[in-house]
Amino acid sequence: THEFLSELIVSRHEKRDSQLVELNSMPLYPTEEFIWDEGLVPGEYYQGENPLALPKLNLQFLTLHDYLLRNFKLFQLESTYEIRQDVEDVVNRMQPWTAEDGKTIFNGWARMALPLQQFTIVEVAKPNIGEKQPSRVRADVQVFLGVRDTIKHEWENLRRHDVCFLLTLRPPSRGVDHSMVDLPASEYCRMTGLMYVRGCEVEGMLDENGRVIEEFAVEKPKFTSGNRTFRVLLDCNQYYADMEQTTNGGEDVYSSFNVLMRRKPKENNFKAVLETIRDLMNTSCVVPDWLHDIVLGY
């Protein structure tokens, strides 16, 4: 009883993080838990029988922060739903199964995904003052481009700031039954063996000397093999959370990835949009006074 009372007093009087602090420490890429949470991201066949816990876009808003926060959450959920469809499509096409030695083998192939040859964290920069998470996390991702020239060209044309996803697939030993396309979200990850989904941002492709190829270089370097390595930036908040979990006895997520997935560039600007909205919420003056009431609907 004494422990319960002290816990109650502490929880009543402890300092709580503001919405902005929580937003700044939140990863911008959705993870597997967020993507397949039906409570947050409802499925395709939502009938309207239960109300959704979604922020509403009204005709009037309390403050500019309120307006931006609602847009941030709605856009995040919308883009997460699209990412879910893309991941499900890739998993279905690649037809993964687990061999007797525990390795994941792919029977099929997907235009938008490739099996990983190697994944290496190359830099974890020190945190900025007053922050816990690293200021930058870089990694090298190696894939083998044994595909048609048109698809190879698409992979080689991944540009700086393009967003890709790293997946860990460990299907059941009997393989995934690909007739079960419409699995309920709660069962999807368990039935298909999808363990982890992590986003990353492309910094550039490396040449054979390990240097990032300049985007507008006149002469493109020649490669002697089909291997290509991309330098990517990981989400620092997500990396910090994953490392905390690993320290507490969890699995090291970053040593388990086996698929690199890309998305169509025209549909893949969600990270930049979310980052921009978050930056606006951290800026003191966004809208001049004379425009303020019009934006908020007064």
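The values are calculated or read from the model by the stated rules, or taken from the named source; none is laboratory data. Model, not experiment: these values are computed from the prediction. Note: ideal-geometry Cβ built from the backbone for every residue, glycine included; neighbour counts use all protein chains shown. The accessibility values were calculated without ligands, DNA or RNA, using every heavy atom of the protein model including side chains. Shrake-Rupley method; radii C 1.70, N 1.55, O 1.52, S 1.80 Å.
Overview of results
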| quantity | calculated |
| --- | --- |
| Subset of region 238-252 (residues that are in a helix (DSSP H, G or I) and open to solvent by 50 Å² or more (accessible area, probe 1.4 Å)) | Tyr240, Met243, Glu244, Gln245, Thr247 |
| Boolean, Gly102 is small (Gly, Ala, Ser) and farther than 30 Å from Gly210 by Cα | yes |
| Lone unmet requirement of (1) open to solvent by less than 50 Å² (accessible area, probe 1.4 Å); (2) among the polar types (S, T, N, Q); (3) over 21 Å from Met261 (Cβ atoms) for Asn128 | (1) |
| Failed criterion for Gly102 (all others in (1) more than 23 Å from Phe223 (Cα to Cα); (2) within 22 Å of the chain's Cα centre (by Cα); (3) open to solvent by 20 Å² or more (accessible area, probe 1.4 Å) hold) | (2) |
| Pair list, Cβ under 9 Å, 6 or more apart: region 62-80 residue outside any helix (DSSP H, G or I), other residue surrounded by fewer than 18 Cβ atoms within 10 Å (Cβ to Cβ) and not acidic (Asp, Glu) | Leu62/Leu296; Thr63/Leu296 |
| Pick from region 131-147, criterion open to solvent by 30 Å² or more (accessible area, probe 1.4 Å), in contact (Cβ under 8 Å) with a residue 12 or more places away in the chain and outside any strand (DSSP E or B), ranking: farthest from Phe257 (Cα to Cα) | Lys132 |
| Odd one out for Ser255 among (1) open to solvent by 40 Å² or more (accessible area, probe 1.4 Å); (2) under 22 Å from Asn71 (Cα atoms) | (2) |
| Looking only at region 6-32, and only at residues there that are open to solvent by 100 Å² or more (accessible area, probe 1.4 Å) and part of a helix (DSSP H, G or I), the one that is nearest to Leu64 (Cα to Cα) | Gln19 |
| Matching residues in region 77-118 - criterion: being touching a strand residue (DSSP E or B) at 6+ places or on another chain (Cβ under 8 Å), closer than 20 Å to Thr31 by Cβ and of a type in the set (Gly, Ala, Ser) | Ala113 |
| Looking only at region 179-202, and only at residues there that are open to solvent by less than 30 Å² (accessible area, probe 1.4 Å) and outside any helix (DSSP H, G or I), the one that is farthest from Thr120 (Cα to Cα) | Gly193 |
| All positions within region 259-298 that are open to solvent by 30 Å² or more (accessible area, probe 1.4 Å) and among the polar types (S, T, N, Q) | Asn269, Thr276, Asn282, Thr283, Ser284 |
| Some residue of region 164-177 being open to solvent by 60 Å² or more (accessible area, probe 1.4 Å), farther than 30 Å from Met26 by Cα and free of Cβ contacts under 8 Å to residues at least 60 places away in the same chain | yes |
| Answer from Glu3, Glu82 - the residue that is modelled with pLDDT of 90 or more, over 24 Å from Val197 (Cβ atoms) and open to solvent by 50 Å² or more (accessible area, probe 1.4 Å) | Glu3 |
| Breaking point among (1) open to solvent by less than 30 Å² (accessible area, probe 1.4 Å); (2) at pLDDT 90 or above; (3) over 21 Å from Phe165 (Cβ atoms), for Asn71 | (1) |
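Okay, residues lined up against (1) touching a Ser or Thr at 6+ places or on another chain (Cβ under 8 Å); (2) among the aliphatic types (A, V, I, L, M); (3) surrounded by 13 or more Cβ atoms within 10 Å (Cβ to Cβ):
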| position | (1), (2), (3) |
| --- | --- |
| Phe34 | yes, no, yes |
| Asp37 | no, no, yes |
| Val41 | yes, yes, yes |
| Asn50 | no, no, no |
| Ala53 | no, yes, no |
| Lys56 | no, no, no |
| Gln60 | no, no, no |
| Tyr67 | no, no, yes |
